[in-house]
Amino acid sequence: MSDNPTRRDLLIAFTATGLLTPALAQHVHEAVTEAKSLDPGADYKPKGLTDHEYQTMRKLAELIVPGATDSGAAEFIDFLSSRNDKMAQIYTGGLAWMDQEAKHRYGSDWLSAKEANQTALLDLIAYRKNDSPEIRPGIRFFAWARNMVLDAYYTSPIGMKEIGFMGNQVLSSFSVPDEALQYALKRSPFANS
Amino acid sequence: MFQIQRTNTPADVVVIGSGAGGGTVVKVLTDLGINVTLLEAGPMLNPYKDFKEHTLPYQVDHRGSGEQAQSYFGQQQWGYFAAPNGYWDIPGEPYSVSPDSEFSWFRSRIMGGRTNHYGRISLRFSDYDFKSYSFDGLGTDWPVDYAEMSPWYDKAEEFIGITGTREGLRTAPDGVFLPPIPPRVHETVIQKAAAKLGIPVIPSRMAMLTKSVHGRAACHYCGQCGRGCKTASAFSSSQAMIFPAMKTGRLTVITNAMARELIVDKSGVVTAVSYVDKNTRTEQQIRCKRVVVAASACESARLLLNSKSALFPNGLANGSGMVGRNLTDSTGYSLAGHIPAFENMPRHNSDGIGGMHLYIPWWELDKKNKDFPRGYHVELGGGFGMPGVGSFHGAGNKYEGYGQGLKNTIRQNYGATVELSGRGEMIPNQHSYCEIDSTQVDRFGIPTLRFHFRWSEHEIQQAKHMHNTFTNIIEAMGGKVTGIAHPEREAKGVSVGGTIIHEAGTVRMGDDPKTSVLDRWCRAHEVKNLYVADAAPFLGNPDKNVTLTIVALAWRTAEHLAADMKKGDA
């Protein structure tokens, strides 16, 4: 792999050309490798959701992708719900549907239900094969929630680190590690040719 | 009160449009000591503020989906992080499409136009591309040939900075190249798989600097070229041509200036450009001795068609009736595939330059009994792309479920997708053109365009060939085709016209004024001080993206214009 030039090296190199602002990209890689949490903690005041909806969303997000709380998934969804009426409707409606369904099945709202019951409902609505008119709103909502929690998680420092994204850096040259190339070639159909 | 503001002293040259063509004319003329006034329909560009090159998605609350979550509802015109370069729909500036056609028109409204963002694939047209009728009886020969164009390509390449290697292929003529960039893992594997099928895969020719040239810094390999490059290491006309020209003191820039009409006197020469100052919605006129129209193929045609007068009742310089005709776009078709050999591959930075490091030039030129004429090139995609909103919706919808299992599946498959995209030649046909829609004006009162567009059987068959080729390559890699990579534009088996954003041909050049608008120097046959410098003059739209040829042709046009000026506009 190539060596990263230092920030100072870059400043010197770019200043010589007179073309770059001091806003260099080095911090980007550092931010990712730190994998800092985006969980705002207990002080957060939801903008588009009620407190109950927000707490429910935090739990749902964590079940969809372990680590999603730290990725700021609930805050992401809350923010967009505050900016777009259609988005708000999807989440306030979907979360209310889950509460109603949990009350019928388990006698409490979904967030208050035992985790085994929480996941039992998710096991129904997380798969299209379970589709029926009764749970269709839940299946549709879950598809939205899953996509958006995946978005929030993998675009966060924690998710990027977990999946192994190492790009968007300032490099002095580009090369591919031989280890990766050999890994792919050995597993390819023409490995022995 | 309706008052038209007019300038007193005529400008030597007015250039309309600041993209690849307009930028080149501005650069060449100001380098030669000529004063130029540039009209751009959009605002000035500030790369340091406008380019979100290194921003990570979590640095904005909406992660790139848009301040109002637009991307989730199909309302995002262009990626949030992409360079500001234009729109599919501009509020107040409509166009129409005839009921029997499909066409999407991308328009730029920003200094530098589409070059702030474009893919930067930089391919010379081949000898047979300039003499297409002589080659196979289809299309029309250009009034120039490859030998005449080659030195202009040299100049363009030397200035822009293009990666590449000398290959000696007729379908991919060699040029003045910077060092190539090493292939990524998936590209090497595609190369080996394609070799089994007799398909060549060669280093790409891209307008990114693997070495510093002309004071522009070498690439820093962040892979974010599509977001705009603050160091101008990826070419844009704004940064590489117009900003330096502004420093010469010979360039006057007027932004937010939407050209309405070219005004001619009784002798049939252009004396002024009428434009709308968008900030005040007032009409302004700038007097000029010469005008170079470089507003993009269809906007240039629109401007000429809207410049009607007693001398030119069908639109300026349109005695041939060819303005607006022969509209072409590249064909586009793409397949994605899942490659098991890449699952759980050791992680590394696969960014490099934005876009492909290797590509497939057309390889069946000499094959007999093909189902279609001419050909296409193939662009290779894959690697560990930066996660963004939507990156894993496919995985979520495919694998369903939730929890650690879903997470593990996504990790395993990250970087195991490849995409093969074909970009092919369209032969001009009589069904594809644009004209003025007499029923509609835009918010400035300027009559708008109506599009007619139809692929012929040539392009349909070509796209089928792409499908078979891409399937064969993916399977030769031990992979499985997962589907069309861009169903939003290619669901019908070939892209919707216009969506590849390579429009050309609408103000064609030629030696015969009866069948062409411009002469061999891209000067109007009928109007001696009117030039066109974008893809409108093209007589064909080969399988080699238009930008490099726009620059080379505009360079030639500008030097000829300068020579004419010196001679006193002979």
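Please treat every number below as a calculation from the coordinates, not as lab data. Keep in mind it's a predicted model, so treat the numbers as computed, not measured. Here Cβ is always computed from backbone atoms with ideal geometry, including for glycine, and neighbour counts include all displayed protein chains.
Short-range pairs are left out: with C-alpha atoms under 8 Å and at least six residues apart, the relative contact order of the stretch B:237-330 is 18 percent. Think of each Lys and Arg Cβ as +1 and each Asp and Glu Cβ as -1; about the Cα centre, that makes the dipole of chain B roughly 940 debye.
Starting from 0.36 nm per residue, how many nanometres of slack lie between A:GLU179 and A:ALA191 once their C-alpha separation is accounted for?
2.9 nm
Projecting label points 7 angstrom from Cα along Cα→Cβ for B:THR515 and B:ALA195 puts them 4.6 nm apart. For the protein assembly as shown, the mean projected area of the C-alpha convex hull, equal to one quarter of the hull surface, is 35.0 nm². For the segment B:409-415, counting C-beta atoms of other chains within 10 Å of every residue's C-beta and taking the mean gives 3.
A simple packing score, the average count of other Cβ atoms within 10 Å per residue, orders the peptides B:303-313, B:542-552 as B:542-552, B:303-313, with the highest score first. Checking every one of the trypsin sites (Lys or Arg not before Pro) in the stretch A:108-140 against DSSP loop status and a limit of 15 other Cβ atoms within 10 Å picks out A:LYS114. Annotation: peptides B:555-561, B:271-277, ranked by per-residue average of other Cβ atoms within 10 Å with the highest first, follow the order B:555-561, B:271-277.
Taking K and R as +1 and D and E as -1, what net charge do the other residues with C-beta under 12 Å from the C-beta of B:GLY352 add up to? My count for the surroundings of B:GLY352 gives -1. Per-residue Cβ neighbour counts within 10 Å put B:ASP129, B:ASP511, B:ASP174, B:ASP100 in the sequence B:ASP100, B:ASP511, B:ASP174, B:ASP129, beginning with the fewest.
Per residue of A:64-74, other chain Cβ atoms within 10 Å of the residue Cβ number 2 on average. Grab the DSSP H runs of the protein assembly as shown that are 4 residues or longer, score each as -39,500 (n - 2.57), total them, divide by all residues and round the 222 nm result to the nearest 500 deg cm²/dmol. That calculation yields -9500 deg cm²/dmol at 222 nm. Legend: calculated FRET efficiency, A:ASP51 to B:LYS492, from the Cβ-Cβ distance at R0 = 60 Å, rounded to 0.05, equals 0.80.
Using a 10 Å cut-off on Cβ to Cβ distances, tally the other chain neighbours for every residue of A:157-163 and report the average as a whole number.
Details: counts 2, 1, 6, 5, 0, 4, 10.
Partner-chain Cβ atoms within 10 Å, mean over residues of A:157-163: 4.
Cross-link partners of A:LYS161 among aspartates and glutamates, defined as those whose alpha carbon lies under 13 angstrom from its own and excluding same-chain residues fewer than eight positions apart: A:GLU30, A:GLU34, A:ASP70. Of the chymotrypsin sites (Phe, Trp or Tyr not before Pro) found in the stretch A:145-193, those that fall in a DSSP loop while having at most 15 other beta-carbon atoms within 10 Å are A:PHE190. Under 5 Å from the amide H of B:THR282 lie the amide H atoms of B:ASP277, each residue being 5 or more positions distant or on a separate chain, with H modelled from the backbone and absent for Pro and chain starts.
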